[in-house]
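> This is the structure, below, for whatever I ask next.
The values are calculated or read from the model by the stated rules, or taken from the named source; none is laboratory data. Since the structure is predicted, the reported quantities are computational estimates derived from the model, not experimental observations. Because the Cβ atoms are built from the backbone with ideal geometry, glycine has one as well, and the counts that use them run over all protein chains shown.
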Amino acid sequence: MEQDNMKKSVILFGSMGPAVSILEWLLENPIFEVKGVVCSKEAMSKWRESINDRDMQEIAPTLGVPILNLEDVVQMEADIGLAIRFHLILRKRHLSRFRLGVVNLHGAPLPELRGVMGDAIAILEGRADFGPTLHWMDEGIDTGDILAEDKFPISENYTVYDLFQKCNEAGIELVKSRFQDIVNGKVVGASQEKVAAERKVEARTFTRKKMMRRKQIDLSLGQEQWRRVAKAFQFPGQEPAYIETPDGRIYLTVDERWGKR
């Protein structure tokens, strides 16, 4: 019990609003000492600007938390790292600086939706449910042992942005409910190979380059598939799904009022 109550040093990785929410939670919890945050120092992307997303590089200094870069991390030590929708891959030289390791909040189920845009894949494939996963980071892409997960039903009318927001909300709650137990060794991870075998699912990894090619609508498919593609790429500040024509692209979006009629 005494070990559970000892203050644990944390380095947080993340730039977006959900990472800011977790930083505030860590600072309010007396068991954690935040040694710094690693975040993007670039201007916010168009989609983040369009939704007024909270930005870590602006908010962390107002909370008295140092902003670090990855090379700073190599010179430091901490009990544990926590990555919240972080945009860079951590290498062995970074991971080795943490006594316990680094926990990653991945915005999709594992192991079947590794990499990027798992929410778009979920809509394209007509999945019934979705949710975030906490896992230990290793040098692979979302391949470390699974620690905790959450699932919720996917509404028929969700666009990818709706699903993205819902998953972020669920992810924040998942971290708040499980991270302290993970730090105190009360949660045992399960290998993704074991999970895949038990659930009879295939481990798959998606890249942004491949996903962008799926924005183009195949006219040979039915209208229901057109609608899925439109929903899967309807995201603020981003190019929507499209039909390619000799005169240029025709963009498709879904009327958000559709489900209310």
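> Could you list, in sequence order, the residues of region 166-184 that are free of Cβ contacts under 8 Å to residues at least 40 places away in the same chain and of a type outside the set (D, E, K, R)?
Ala170, Ser177, listed by residue number.
> Further question on the same structure: Filter the helices (runs of 4 or more DSSP H) completely within region 171-261 down to those with at least 3 residues that are touching a helix residue (DSSP H, G or I) at 6+ places or on another chain (Cβ under 8 Å) and outside the structural domain of Glu49 (by TED's automatic domain parsing).
By residue number, 223-232.
> Inspect all residues belonging to region 117-129 and state whether any of them is of a type outside the set (A, V, I, L, M, F, W, C), over 27 Å from Gln225 (Cβ atoms) and either in contact (Cβ under 8 Å) with a residue 24 or more places away in the chain or surrounded by fewer than 20 Cβ atoms within 10 Å (Cβ to Cβ) (or both).
Scanning region 117-129 turns up no residue that is of a type outside the set (A, V, I, L, M, F, W, C), over 27 Å from Gln225 (Cβ atoms) and either in contact (Cβ under 8 Å) with a residue 24 or more places away in the chain or surrounded by fewer than 20 Cβ atoms within 10 Å (Cβ to Cβ) (or both).
> Of all residues in region 130-142, how many are in a loop (DSSP other than H, G, I, E, B) and without any contact (Cβ under 8 Å) to a residue 60 or more places away in the chain?
Of the residues in region 130-142, 6 are in a loop (DSSP other than H, G, I, E, B) and without any contact (Cβ under 8 Å) to a residue 60 or more places away in the chain.
> Identify all residues within region 156-194 that are basic (Lys, Arg) and under 20 Å from the mean Cα position of the chain (by Cα); write none if there are none.
Hits for region 156-194 are Lys166, Lys176, Arg178.
> Moving on to the next point. Just one of Leu134, Leu147, Leu124 is touching an Asp or Glu at 6+ places or on another chain (Cβ under 8 Å), of a type in the set (A, V, I, L, M) and in the same structural domain as Arg99 (by TED's automatic domain parsing); which is it?
From the options Leu134, Leu147, Leu124, the qualifying one is Leu134.
> Residues Glu28, Glu42, Glu24, Glu33: which one is surrounded by fewer than 23 Cβ atoms within 10 Å (Cβ to Cβ) and modelled with pLDDT under 95?
Residue meeting the stated conditions: Glu42.
> Listed residues Leu88, Leu105, Leu63; which is within 23 Å of Arg208 (Cβ to Cβ) and out of contact with any strand residue (DSSP E or B) (no Cβ under 6 Å at 6 or more places or on another chain)?
Just one listed residue meets the conditions, Leu88.
> Spot the failing condition for Ile121; the list is (1) part of a helix (DSSP H, G or I); (2) more than 20 Å from the chain's Cα centre (by Cα), and only one is missed.
(2) is the only condition that Ile121 fails.
> Here's something else I'd like to know. Please determine whether any residue of region 151-165 is in contact (Cβ under 8 Å) with a residue 40 or more places away in the chain and either of a type in the set (Gly, Ala, Ser) or not assigned by TED's automatic domain parsing to the domain that holds Trp47 (or both).
Within region 151-165 (the criterion being in contact (Cβ under 8 Å) with a residue 40 or more places away in the chain and either of a type in the set (Gly, Ala, Ser) or not assigned by TED's automatic domain parsing to the domain that holds Trp47 (or both)), the answer is yes, since at least one residue qualifies.
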